[in-house]
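Where a number appears in this text, it was derived from the coordinates with a stated rule and is not lab data. The structure displayed is predicted, hence computed values, not measured ones. Here the Cβ is made from the backbone with ideal geometry for all residues, glycine too, and neighbour counts use every protein chain on show.
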Amino acid sequence: MTDEIAASGPAAGPASGSERGNAGADATEQAFGIPEQADDRAGDQTEAPFIVPVAMEDDPDELFPGDRGTLDPEVRRVLVHVLQRRFLSADNRAEWALLLEHQQLIESRMHDMYLRLVVDLGRGLAYKQQVRSDEFEVLILLKDAPYNRTETLVLVHLRTVFQRESAAGEPAPRIDIEDIEQTVLSYLTDADGSTARQQKAIRAALDRLDREGVIDEETLGRYRISPLVEVVLSAEKLAELRAWLREQAAQQASRAATAEKQTAPDQTAPDQTDQTPTAQKEAAL
């Protein structure tokens, strides 16, 4: 092909090897449309690089210098909120929509940390769980914070009220602090301190459950019970705790009856406190 293009040119004398090579290269560039490039020796101008480097701080895809994340900022916030909070509610429609849209991606990031994402569409809740296994080593990220006795009693009562009101068709059960105190105090004993101390413990329990989202204090002393109470205290656990409370109540009643018998005067023994010495001698005879 190079020979054909060279033969079609005007006649000329014998060309040197370098001239023949240049002529062939020029013909090839014309045949394949390769643009001519200026001779590097023609000037001192340098060619521009193929990709112009951009400083990290000027990269619009980076949220901070050195950012290697691939999630959009909105999805990152949802992921952080799931990790940071006890649960994510469908009441926050924007975050809930993002969570459902990017659920697999968020789950993937959480699985890297041995965490499981639970999305309860029925209750409109999303929360995390610690993955545990006996087959391989799992690094524990979430620490269990068990509830104390008073907090457990409050939870049992809230769960019972939520179950009863929900069965009656109440979408958002509510309860007053007086109702909570009256029920919980009936299970506490003198070993739990004075009544004032017990009431203080009940209010501290309500504060913790409010922070965790189990309840929401709408007005002073009046709370709305969240569906999260069913997650925190399952039906099986509720039945177990109810049985335990009935056993505790029976033991408490038995101890009270025993103590009453021990303190009551013996009606069968003769009362000799008012007897004079003469009467005591007659009784001896």
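Below are the figures for this structure:
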quantity	calculated
Label-reachable residues, the range 179-212, where backbone N falls under 13 Å from a point 7 Å from Q248's Cα toward its Cβ	183-193, 202
³J(HN,Hα), Karplus 6.51/-1.76/1.60, whole Hz, each residue of the range 131-147, x for Gly, Pro	6, 10, 8, 9, 8, 8, 6, 10, 6, 7, 9, 8, 9, 6, 10, x, 7
Amide H partners (placed H, <5 Å) of D120, local residues excluded	L125, A126, Y127
Length gained when the stretch S186-R174 is fully extended (0.36 nm per residue, less Cα-Cα span)	2.2 nm
Solvent-free Debye scattering, log10 I(q)/I(0), computed from the Cα coordinates of the range 73-130 at q = 0.15, 0.24 Å⁻¹	-0.35, -0.95
Mean Cβ count within 10 Å, highest first, over the residues of peptides 223-229, 79-85	223-229, 79-85
Calculated log₁₀ intensity ratio I(q)/I(0) where the Debye formula runs over C-alpha points of the range 127-276, q = 0.09, 0.13, 0.14 Å⁻¹	-0.43, -0.73, -0.81
Efficiency of FRET between E135 and R76 - r from beta-carbon atoms, R0 41 angstrom, step 0.05	0.80
Sites D112 and A256 - FRET efficiency at Förster radius 41 Å, r taken between beta-carbons, to 0.05	0.15
